[in-house]
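All remarks here apply to the structure that follows.
Computed from the coordinates by the stated procedures, all read-outs in this text should not be read as laboratory data. These numbers were taken from a predicted model, which means no experiment stands behind them. With ideal geometry, Cβ positions are generated from the backbone for all residues, glycine too; neighbour counts draw on all protein chains shown.
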Amino acid sequence: MDVLGIDEIIYGADDLPKCRQFFLDWGMVLAQQSAAELVFESQNGCRVIVRDSGDPSLPPAIEAGPTLREVVWGVSSDAVLDKFAGRIKQLQGYINDGKRVGCTDPNGLAVRFQVSVKRDVQVQCARMNTWNEKNRINERSPVYERAAPIEVGHVVFFVKDVKACEKFYCENFGFVPSDRYPERGAFLRCADVGGHHDIFLLQPPEARSGLNHVAFTVRDIHEVFGGGMHMSRSGWDTQLGPGRHPISSAYFWYFKNPAGGLIEYYADEDQLDEHWEPRDFEPGPTVFAEWAIDGGIDGNTRRQKNAQGPSGKFLTDRAPAGK
């Protein structure tokens, strides 16, 4: 396997103090900070870097305002870096500094590759009981007060030419199509064996470049809920969720991100191998979400936003008449 997933993402943002608090609430560990840069790490060492939008070291932005400036993919060896360098050295924005090779993708995004620095981690996850398999005996499922993301699992971009972008990632770096919206969207994974998608490329009707969202893998559905409700209690705005994607089977919760675009907790995506046959889907609300809560859940009442919480210790309690 050549590409192992995302190693690092770099944002250009306008309000670093707000971004600092956001990513701390999100569950990231602050590894380094200065007046011009914040460096966060997930459980397995995947890094999220936030720099001031005016930092001249940042690659050009693909859209106005705070957004993602660079995606760094981890590879398995130096030999893979050398192979990729030979393939892309004639492409726009080519760089090779001895540790990273990269170029600019057809959407204008800076794409880099390095030998992966992520570490293997073992986390305790919920076991699910189904009709056929009773995996949890004399044991309650966990309840999480907040999330601790394991890694950056995937990125999603609006693109001007979905076919050109799909060809770029598949022919140069060995990405594999998982599913498609014909002429409109491509779900790609890094290799035959892996999660449903590591990058999703979506060509909207106006065919523009931009960041849709960055998604963080958490251990199970319960952590999607626990992380989302902690973000809600902390005052951050839900865009949509919790909910479930029919295409990848993943549970999700999206929030608005001050560093740019949206940000997602997700868990329980489909795992694919070389026998998977890509499918075509017609875009639509029920294709995007089997179910979803608009506006999220209030982390204090544990009910949908603006819904009244229970007034007693039991749901059957009723306030006395006239109270």
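Within straight-line reach of Lys118, meaning a Cα separation under 12 Å, sit the following aspartates and glutamates at least 8 residues removed in sequence or on another chain: Asp7, Glu8, Glu41, Glu151. For segment 57-157, the list of GluC sites (Glu not before Pro) that fall in a loop by DSSP and count at most 11 other C-beta atoms within 10 angstrom reads Glu133, Glu139, Glu145. For a modelled paramagnetic label at Arg140, 7 Å from Cα along Cα-to-Cβ, the residues of segment 207-239 in reach, with backbone nitrogen under 18 Å, are 221-227. Near Glu151: Cβ cut-off under 12 Å, other residues only, Lys/Arg at +1 and Asp/Glu at -1. The net charge is -1. Relative protection proxy for 217-224, 88-95, 198-205, from highest mean packing down: 217-224, 198-205, 88-95 (other beta-carbon atoms within 10 angstrom). Just so you know, the Cα atoms of the chain work out to an Rg and Dmax of 20.7, 78 Å. Using the Cβ of Cys190 as centre and a radius below 11 Å, the other residues enclosed give a net charge of -2, where K and R count +1 and D and E count -1. Taking a straight line from the alpha carbon of Lys83, these lysines sit under 19 Å away, with near neighbours fewer than eight places off in the same chain left out: Lys99, Lys167. Could you compute the FRET efficiency for Asp270 and Asp14, with r as their C-beta to C-beta distance and R0 at 45 Å, rounded to 0.05? Calculated transfer efficiency: 0.75. Counting only residues at least eight positions apart within a chain, or on another chain, the lysines with an alpha carbon under 19 Å from that of Lys305 are Lys256.
If you put +1 on each Lys and Arg Cβ and -1 on each Asp and Glu Cβ, how big is the dipole of segment 235-307 around its Cα centre, in Debye rounded to 20? Walk me through the numbers on the way to the answer.
On the way: 6 positive and 13 negative charges, 133 e Å.
Approximately 640 debye in magnitude.
Here the calculated FRET efficiency for Asp161 and Asp120, from their Cβ-Cβ distance with R0 = 51 Å, stands at 0.85, rounded to the nearest 0.05.
Determine the gain in length on full extension of the stretch Val193-Gln304; use 0.36 nm per residue of separation and subtract their C-alpha separation, reporting nm with one decimal. Before the final figure, lay out the partial values.
Numbers: separation 111, 0.36 × 111 = 39.96 nm, distance 3.74 nm.
Roughly 36.2 nm would be gained on extension.
For the chain, the antiparallel share of DSSP beta bridges with both residues in that region comes to about 70%.
Counting charges near Lys118 (Lys, Arg +1; Asp, Glu -1) among other residues having Cβ under 12 Å from its Cβ returns a value of -3.
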